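Derivation of every value follows stated rules applied to the coordinates shown; laboratory data play no part. Quick caveat, the model's predicted, so the values are computed rather than measured. Neighbour counts are summed over all protein chains in view; Cβ atoms, including those assigned to glycine, are modelled from backbone coordinates with ideal geometry.
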Amino acid sequence: MILEQEIYTFAKSRNLAAGITSAEPFLELEQVLAQKNEQLKGFVEQDIQKRIYPALTMENAKSIIVFAMGYGYRKKQTRQNNPLYGEFSIAAVATDYHIILREHFQALQAYLKQKVPEIECQYFVDTGALVDRAVAVRAGLGYIGKNGCVQTKKFGSLAFLGYMLTNLPLKPKNAVTGDCGSCEQCIKNCPTGALSKNGFDMTKCISYLTQTKTALPAEVMQTMGKQIYGCDVCQVVCPKNQTALHSFTEYETSISLEQLLHCSNQWFTENIAKTAAGWRGKKVLQRNALIALGNSGTKQALPLLEKALQDKREVICATAKNAMDNLNKKSEEKSWDFGIQED
């Protein structure tokens, strides 16, 4: 069996999809990366040349092996109607996918080293300089859909990506042809209009907004609903994702906003830090909990927001104020009287 086929067999045995491409530069990305570099500051490598040239990461790289791993979970519909609960994306629950994918690459590296002792490898899961989606497309894993994600045959766009640079001259996989046709479900259902026929406006994307670190304007906060981290709308409504989605295991993605706001560092470490949302830290997720309270539509949120106004952290205090403004607007719409306690 040729080595490339062994790599594909290895991936299949672990319920992964795999692709292979050369380590040639991604010159076609230079212009778009230059346009978006400032927006992506804090999320990706800022040296555009490193994002284009694999050799700047690994000098003797000849090939890139790419893995796609399915999300594995879908939402359990139990707490979504509770106004004092917020939502995590299905991509950000359970064990952090970065850990799991790295373990798969570690195993692949050990396997290949048995076959080719002189092999050299470097692998990355969201930590490398290259553009993961561009690498995956060129490695034959799929095409970019209208939701901006790589549409794979095995998982639709419900997939995490990682790649391994190696000095082995492997045969590239053929590129996949395909498109979304006339379907525009992701565009029609995007809550903020981040997706449109004109492309993707990252600054409107709820997933992006939940990962920013500063206080946000009240009007922007209103668009974020009750999301604590990420957003699944464009993924869940996609017709091509339904088979994979319904094969995944149900998982509770909701969390008590009060619990998140008042949690200890130990609780956060044990319950959130080990997930894919944990990297942003407690303060950002607590900020998002306040945003969710402001959008909750219940006056039960008021005491929690009032307490947060006394927080010494500037971002938390400013967010609580804007959240109270948003909650008050909802109260005016519903003719609430905050001076009367609910029974």
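I144's amide H: which non-local residues (gap 5+, or another chain) put their own amide H closer than 5 Å, with H modeled 1.01 Å from N in plane and none for Pro or chain starts? Excluding prolines and chain starts, which carry no amide H, the hits are Q151. Its relative contact order, with pairs defined as Cα atoms under 8 Å and 6+ residues apart, puts the chain at 21 percent. Net charge dipole, the chain: roughly 400 debye, given to the nearest 20, about the Cα centre with Cβ charges of +1 for Lys and Arg and -1 for Asp and Glu. Straight-line cross-link reach from K154 at under 16 Å between alpha-carbon atoms covers these aspartates and glutamates, not counting any fewer than eight positions away in the same chain: D179.
Across region 1-159, C-alpha contacts under 8 Å between residues 6 or more apart give a mean separation that, scaled by the residue count, equals a relative contact order of 27 percent.
Fully extending the segment from I99 to T243, taken as 0.36 nm per residue of separation minus the present Cα-Cα distance, adds 49.3 nm.
Per residue of the chain, the DSSP helices (runs of n ≥ 4 H) give a summed -39500 (n - 2.57) that works out to -10500 deg cm²/dmol at 222 nm.
Less than 5 angstrom separates the built amide H of S157 from those of T152, all sequence-distant by 5 or more or on a different chain.
Close lysine pairs were tallied over region 261-318: pairs 8 or more places apart or on different chains with Cα atoms under 17 Å apart number 6. Measuring nothing but how far apart in sequence close Cα pairs (under 8 Å, 6+ apart) lie, relative to its length, region 79-237 scores a relative contact order of 26 percent. Hey, which of these cross-link pairs are over 19 Å Cα-Cα: K76/K330; K226/K321; K188/K213? Over 19 Å Cα-Cα: K76/K330; K188/K213. Taking label positions 7 Å along the Cα-Cβ direction at both I2 and S256, the computed distance is 5.8 nm, reported to one decimal.
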